[in-house]
Amino acid sequence: MYRAISAAALLLCVAHASSHASAAEITLLSPGAVGSSLRELVPQFEQASGHKVKVGYSPALALVDKLKQGETADVAIVGSSAADELMTTGKFIAGSKVVIAQVGVGVFVRRGDPKPDISSRDAFLRSVINAKLISYSDPKLGGTAANYVGRLMDSLDVTGSIGPKTKLTPSAKPLADFVASGGADFGLTQITEILQNPRLELAGPLPAEIQFYTDYAAGVMTVSQRQDAGKAVIAFLATPAASAVMKSKGFTQF
């Protein structure tokens, strides 16, 4: 039902794009958590607008650091608060920020493996204590979810027993590879990362009392020479039909 963007949404984006005299190649930087949505939505935008979009991926917090240090693009997707900061410092055009997606942290296993009980905070803690090994991405690499999970585990590890049974991995694919190979009882990352890998199975989102949501926002970079085309990309990603595609990939509705 939501695989194709509605005709009205396409016409809206074409109208935005038509203000640019000719087709442009747009560079868009994004966290990996948005990747499954962009792989479906970007070709639809390209077909509707005539523009081309080159997408690059980086852990969310690391991406913000790169932008602060001078990395350039036409459009970037970052956490909502980071987008505010990038506007304040002049990296994003004032007023160009649009929140496009929200995602929570989930627990996952190798497909077919037993799922831990994560029905409450106490149940989650028991599952962590009873596991032989758990895994998540190394927070030092700059992932939003990894940084939160690291803080969460530190707060739960009152006896010092969780740290020794924790395996930190590089982000995204190495984490999935490790759990999919049977290396850990379960892993933790953003739900969209889990659902896009057929080797993994979502045990469920973290319990509400310890859940953490990331709001992703897109903004047009001040240095962009294709600002109208960049605004058209963001308008496209903000349509209800695009939001429905994102929901099918594991994002929550606002």
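Structure values in brief
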| read-out | value |
| --- | --- |
| Hits in region 199-213 - residues which are touching a residue at least 40 places away in the same chain (Cβ under 8 Å) and either more than 18 Å from the chain's Cα centre (by Cα) or more than 16 Å from Thr144 (Cα to Cα) (or both) | Arg199, Leu200, Glu201, Leu202, Ala203, Gly204, Pro207, Glu209, Ile210 |
| Filtered residue count, region 48-71, keeping only those that are exposed (fewer than 15 other Cβ atoms within 10 Å of the Cβ), at negative phi and not in a helix (DSSP H, G or I) | 4 |
| Among (1) at negative phi; (2) at pLDDT 95 or above; (3) not aromatic (Phe, Trp, Tyr), the one test that Ala21 misses | (2) |
| Residue match in region 216-230 (condition: under 19 Å from the mean Cα position of the chain (by Cα) and within 22 Å of Leu152 (Cα to Cα)) | yes |
| All positions within region 103-138 that are more than 20 Å from Pro170 (Cα to Cα), of a type in the set (Ser, Thr, Tyr) and not in a loop (DSSP other than H, G, I, E, B) | Ser127 |
| Out of Ala232, Ala203, Ala172, Ala180, sole residue that is at pLDDT below 95 and either closer than 25 Å to Leu63 by Cα or surrounded by 15 or more Cβ atoms within 10 Å (Cβ to Cβ) (or both) | Ala172 |
| Test result for Phe45, among the aromatic types (Phe, Trp, Tyr), surrounded by 21 or more Cβ atoms within 10 Å (Cβ to Cβ) and not assigned by TED's automatic domain parsing to the domain that holds Lys132 | yes |
| Single condition Val78 does not satisfy, out of (1) in a strand (DSSP E or B); (2) at pLDDT 95 or above; (3) in contact with a strand residue (DSSP E or B) (Cβ under 6 Å, 6 or more places away or on another chain); (4) of a type in the set (A, V, I, L, M) | (3) |
| Residue match in region 237-245 (condition: assigned by TED's automatic domain parsing to the domain that holds Gly56 and hydroxyl-bearing (Ser, Thr, Tyr)) | yes |
| Top-ranked residue of region 156-177 - restricted to ones that are free of Cβ contacts under 8 Å to residues at least 24 places away in the same chain and assigned to a loop (DSSP other than H, G, I, E, B), ranked as farthest from Asp122 (Cα to Cα) | Gly160 |
| Residue among Met246, Met153 that alone is surrounded by fewer than 22 Cβ atoms within 10 Å (Cβ to Cβ), modelled with pLDDT of 95 or more and assigned to a helix (DSSP H, G or I) | Met153 |
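The values are calculated or read from the model by the stated rules, or taken from the named source; none is laboratory data. On a predicted model such as this, the values are computed, not experimentally measured, just so you know. Heads up, the Cβs are rebuilt from the backbone with ideal geometry, glycines too, and the neighbour counts pull from every protein chain shown.
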